[in-house]
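The values are calculated or read from the model by the stated rules, or taken from the named source; none is laboratory data. Because the structure is a prediction, the values reported are computed rather than measured. Heads up, the Cβs are rebuilt from the backbone with ideal geometry, glycines too, and the neighbour counts pull from every protein chain shown. The area values use the complete protein model at the heavy-atom level, side chains included, leaving out ligands, DNA and RNA. Shrake-Rupley method; radii C 1.70, N 1.55, O 1.52, S 1.80 Å.
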Amino acid sequence: ETAAASEGFSLWKKSFLGAYWQSGGVGTEVDIGVHTSLRGSLQRLALHRIHQLHSMIYYCNLEESDEHDSKDSQSTVLTREAKMLVDFSFYIACSEAIGAAGSLSEEGDRALSSDSLWIPIAQSLPIWSHYSEHFHSELFLIWFYTSISSANSSRNCSHTSRREYATSIALTRDASFYDNDKIMTLLMHVGVKFATHKSNDDVEASSKALSFISSAPVEFIESSDSTKILAEILDLDIQTTASLRQSQNDQSVKQVLCSTRSILARVLSVAMLPSGVDASLFTK
């Protein structure tokens, strides 16, 4: 509670995402005032408590009648605690720059490989997402795209990075991942934004992110969102076409272009539907 009420926490939550995108998709460390050796343990404790609270909230909701004052009900108090712990878990995760474990020396690898501050969050996704906000979903998806786009085959890649890559790939193969509305509503938007920011200095990462998006389900896209996504992907397509003319033998650029065309075709199928029509009828 002390950490979540601190000035540093408030500043982090207000400015982290804006600073990340303005920097071109480069993660930065956040000083949370907790010793490195304690961060993993505190985060696991917070996530474990969220699991406990989730069960307690469920049974409280069964017992509480509609006549109870919702502001003072036990379930409301427990829900408030769960939301605070979700904040705290992400705050701890951001103490390590997203993607910072990508390439390390042997000594550094041995020192950091025992703990990943994002794997526990990924593994607890079905629970903490009940108490999350737009902020948490976007932040989680930034890690997700960073992880699946990492050069995990490199010999210089750290053990932590390889574990995070394996965890993110496991999510892409988990049907329940695509049933999580809070994540799915932002999946394509954050992915296209991530790929756009990476297209200038890391074409391979951009290519991998777009490759995933081009095969991901699109039935969760709302017509209002599809227009914005179309604008973003069109900008990226124009930018990629210009890059391809300058370097015709770059396979990563070609892959980016193929993915953008595929995404355009799929999103257009949703954008052109009359309002009120279920997109899943046409995308499954």
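Applying the criterion of being touching a helix residue (DSSP H, G or I) at 6+ places or on another chain (Cβ under 6 Å) and closer than 19 Å to H136 by Cβ to the residues of segment 18-31, the residue that is least open to solvent (accessible area, probe 1.4 Å) is G25.
On inspection, S41 passes the criterion of being exposed (fewer than 13 other Cβ atoms within 10 Å of the Cβ) and modelled with pLDDT of 80 or more. Scanning segment 244-266 for residues that are closer than 18 Å to F194 by Cα and either open to solvent by less than 50 Å² (accessible area, probe 1.4 Å) or modelled with pLDDT under 80 (or both) returns S252, V253, V256, L257, S259, T260, S262, I263, L264.
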